[in-house]
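The values are calculated or read from the model by the stated rules, or taken from the named source; none is laboratory data. Predicted, not measured: the structure shown is a model, and the values here were computed from it. We place every Cβ from the backbone using ideal geometry, glycine too, and count neighbours over all the protein chains shown.
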């Protein structure tokens, strides 16, 4: 999960909304905002990992977690593990 137009000289600070307590959530471009909430602080913001009995189930769980997250300008790759999950 990333901010739009990465890399970018301007690094917006948008609040991250959603499932931030999920297992398998790795922060990269994340900071603590003035109010103590997590905010985006760079291009590549989060990685969401899923676990399952096979690759297809793990992929489905990861993208279910992605669906719970949002911030302005969020962009998501939808091709990760697609070739091996089918």
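Quick notes on this structure:
- Filter result (in contact (Cβ under 8 Å) with a residue 24 or more places away in the chain and in a loop (DSSP other than H, G, I, E, B)) within region 39-53: 41, 42, 43, 45, 49, 50, 51
- Scanning region 12-56 for residues that are over 23 Å from residue 80 (Cα atoms), buried (at least 16 other Cβ atoms within 10 Å of the Cβ) and at pLDDT below 75 turns up just one, 14.
- Subset of region 57-71 [assigned to a loop (DSSP other than H, G, I, E, B) and surrounded by 18 or more Cβ atoms within 10 Å (Cβ to Cβ)]: 69, 71
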